[in-house]
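The values are calculated or read from the model by the stated rules, or taken from the named source; none is laboratory data. Worth saying up front: this structure is predicted, and the values here are computed from it rather than measured. Here the Cβ is made from the backbone with ideal geometry for all residues, glycine too, and neighbour counts use every protein chain on show.
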Amino acid sequence: MAGPLARMAVWRASASRLALVYLVILVIAVSVVRFTSYLVTQREITRQGDLLVQSELQALREQYRFGGVQRLVEILNRRVDDWGRLGAVYLFMDNAGNKLAGNLTGWPQEVSRDGAWLEFELVAREGNASVDHPVRASAIQLGRNWLLVGTDKSEQERIARQQRSAMAWSIALTALLAGLAGWWYSRRVAARIREVASACEDIMSGRLSQRLPAGDSQDEFDQLAAVVNRMLDRVDQQAAVMRTTFRSAAHDLRTPLQRARIRLESGAAQSVEPGQRDAMVQSVADIDRVQRTLATLLQIAHAESATVEQTQRTVLDVAALVHEMAELYQPVAAGRGIRLQAEALEPALMHGNRQLLAQLLANLLENALKFTPLSGLISVAVQTREGRVQLRVADTGPGIPAAQRDEALLPFRQLGGRDGAAAGEAGGSGLGLSLVAAVVHIHGGHLKLLDNQPGLAVLCEFPAA
Amino acid sequence: MRILLVEDDRETASHVISGLQQAGYEVHHCIDGREALTTAREQSFDLLIVDRMLPSLDGLGIVSQLRADGSSTPVLVLSALGTVDHRVEGLKAGGDDYLVKPFSLAELLARVEALLRRAVGSSAASRLRVGDLEMDRISRRVTRAGREIDLTAREFQLLEFLLQHPGQVITRTMLLESVWDLHFDPQTNLVDVHISRLRQAIDRDFSPPLLHTVRGAGYVLREHS
């Protein structure tokens, strides 16, 4: 079962690869959207703060224009009381660096020009701890004095931190959900493919009445299954017609053969003239030959069109069967000066029909006996390897050229070197290997013709039980 | 011995009837399946020979209905259908033996005799004997005129089957079926070769010969030729 499983792994990988690609794309997209909106929000918050500072500066500049230093100091002293709590920062200094008003002790850093922005940390005492407060401020020149107005950005930074953490969480959650969805999807696809593949394997192995599982979601899988099932119905129908035809053919051919045989038989028994009697006996033998060919043909047709359910199968030991068949053919081989050797040490169990497998062995052995020269060797070996029962029948005859091996499995193929010579003998109609192929087929196996150097080796592989 | 033959092909039937009558059997013939079932239920027969494909009621239908009635009369099924599965179908339906057309009259007679004798005799005996040839089936020893004979496991089985049917003609096909459990005709003369080996073992050094060839039919194991 290496074939279908290997195919399935590729499918599974392709489904999960697709899911992974979607996951990455989704995470990138979500990150870009969230980060952009974070940047925009941050900028807007800063802009709002700056606008506030600028409008305050503007208002204070107006007051200075009306009331000079005196008035501004008054206003600032009032504001510091009111706004100190609100996180506003003021500093009014004269040119010499003396503080005129405000809640800062000194100029935090050098300011070179009017309207410049500056950012600094303010250490505030809250209870016993000292806490850093980031401040963003702007300074203007009023006459020869300098005025600084700023706002405490702690709150803004807190919001920014919250936003960043929300961003990280939402990206992580997106990744998790997308990952889960992808995992579920790829498992589902893999399971559907596996169902279809195993149903197909079953059908190929002869369970022709089996159908692909069709759900009711009407997705591509269901549509595909429906089409395949219709195709299988059609094939099944044809096989049924074939079987009926074979039944009728068997009946219509065998009944007249029966009459002819009985007539000839009783004719031979009553005939007094020896020449006549011989002719009749010969004709009876011919009828038996026709009957054997017909039986083989029907068995091939039956095996090719029959379903597994219709064929009786049990668990059987091919090794035991090999020994039985070798023992059956041993005296014939010995009579022809051929060594027949069975190599089947371990039991080799498979699901099979004993009669069909015995006939397979009989055909292979008779074929080998036909072509193996005096003092040649025929070997029958069976072993179980990697879940497969391997049956090998090899001879030391002339073999079949590689180019003709496929052809050799077709019915009535008379090969120049091999079947041609024996076609007339013992009813050899060139059906032997075709029947072997049909029996291997109905057991879900594989057949190979190989070079035995010299000779032919026929390798049949079946799924082990 | 009364035999009911159910066969719709008149010519085949008339030859089979004359063959059976010459062998000393009384034969009743039916063409139609339903008629045959009624006849088989009303009268008593020692053996039924039933063709598989019949008008009105299939041959296997007759057999399974009779079996359902509790009848144990042996049945030989004749059939134009000869694949492995068809045979199994025939035996499953309650047939005791299955013969594929075209068959020889000799084959049919041999099987009829085997079925009738089986119905009468017992095959469970622990000692079998024909003339001075004896088989102990428990100790698996074979002796002739008191001398032990060495046989392979298969030769033992072959002889055992022949000893169970003394004086009966046993065909090659019957031996393949019973001794090797093979239900197809091999193209080579396999059975003849095995029989000649057995003959070497039991007849060569003794007299008179017990294992005889019946031309055109098969083999028979008996004291007098």
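Screening A:287, A:203 for residues that are crowded, with 17+ Cβ neighbours inside 10 Å and modelled with pLDDT under 85 leaves exactly one candidate, A:203.
Contact annotation: residue pairs with Cβ atoms under 6 Å, 6 or more positions apart or on different chains, pairing a residue in the stretch A:438-465 that is under 16 Å from residue A:377 (Cβ atoms) and at pLDDT 90 or above with a partner that is β-branched (Val, Ile, Thr) and part of a strand (DSSP E or B), are A:458/A:393.
Residues in the stretch B:197-208 that are free of Cβ contacts under 8 Å to residues at least 60 places away in the same chain and surrounded by 15 or more Cβ atoms within 10 Å (Cβ to Cβ): B:197, B:198, B:199, B:201, B:203.
The sole residue among B:35, B:26 that is touching a residue at least 24 places away in the same chain (Cβ under 8 Å) and over 29 Å from residue A:282 (Cβ atoms) is B:26.
Residues that are assigned to a loop (DSSP other than H, G, I, E, B), touching a residue at least 40 places away in the same chain (Cβ under 8 Å) and in the same structural domain as residue A:154 (by TED's automatic domain parsing) occur at least once in the stretch A:74-89.
Taking the criterion of being modelled with pLDDT of 90 or more and within 13 Å of chain A (Cβ to nearest Cβ), the residues of the stretch B:191-225 that qualify are B:191, B:192, B:193, B:194, B:195, B:196, B:197, B:198, B:199, B:200, B:201. Within the stretch A:14-60, the set of residues being loosely packed, with under 13 Cβ neighbours inside 10 Å and small (Gly, Ala, Ser) comprises A:29, A:37, A:55, A:59.
Taking the condition among the basic types (Lys, Arg), surrounded by 16 or more Cβ atoms within 10 Å (Cβ to Cβ) and farther than 20 Å from residue A:34 by Cβ, does residue A:136 pass? Criteria met by residue A:136. Within the bounds of the stretch A:90-103, is there any residue that is surrounded by 11 or more Cβ atoms within 10 Å (Cβ to Cβ), in contact with a His (Cβ under 6 Å, 6 or more places away or on another chain) and not polar (S, T, N, Q)? Checked against the condition, which is being surrounded by 11 or more Cβ atoms within 10 Å (Cβ to Cβ), in contact with a His (Cβ under 6 Å, 6 or more places away or on another chain) and not polar (S, T, N, Q), the stretch A:90-103 yields no hits at all. Being at the interface with chain B (Cβ under 8 Å from one of its Cβ atoms), surrounded by fewer than 18 Cβ atoms within 10 Å (Cβ to Cβ) and at pLDDT 85 or above is true for just one of A:230, A:254, A:277, A:263. Which residue is that? Exactly one of A:230, A:254, A:277, A:263 is at the interface with chain B (Cβ under 8 Å from one of its Cβ atoms), surrounded by fewer than 18 Cβ atoms within 10 Å (Cβ to Cβ) and at pLDDT 85 or above, namely A:263.
Those helices (runs of 4 or more DSSP H) of the stretch B:1-111 in which at least 2 residues are more than 30 Å from residue A:293 (Cβ to Cβ) and not assigned by TED's automatic domain parsing to the domain that holds residue B:171, considering only elements entirely within it, cover B:10-22, B:33-42, B:59-69. Would it be correct to say that residue A:136 is assigned to a strand (DSSP E or B), in the same structural domain as residue A:42 (by TED's automatic domain parsing) and farther than 24 Å from residue A:58 by Cβ? In short, no.
Every residue, every condition in (1) assigned to a helix (DSSP H, G or I); (2) modelled with pLDDT of 95 or more; (3) out of contact with any strand residue (DSSP E or B) (no Cβ under 7 Å at 6 or more places or on another chain), yes or no:
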residue	(1), (2), (3)
A:312	no, no, yes
A:316	no, no, no
A:324	yes, no, yes
A:330	yes, no, no
A:334	yes, no, yes
A:342	no, no, no
A:351	no, no, no
A:355	yes, no, yes
A:358	yes, no, yes
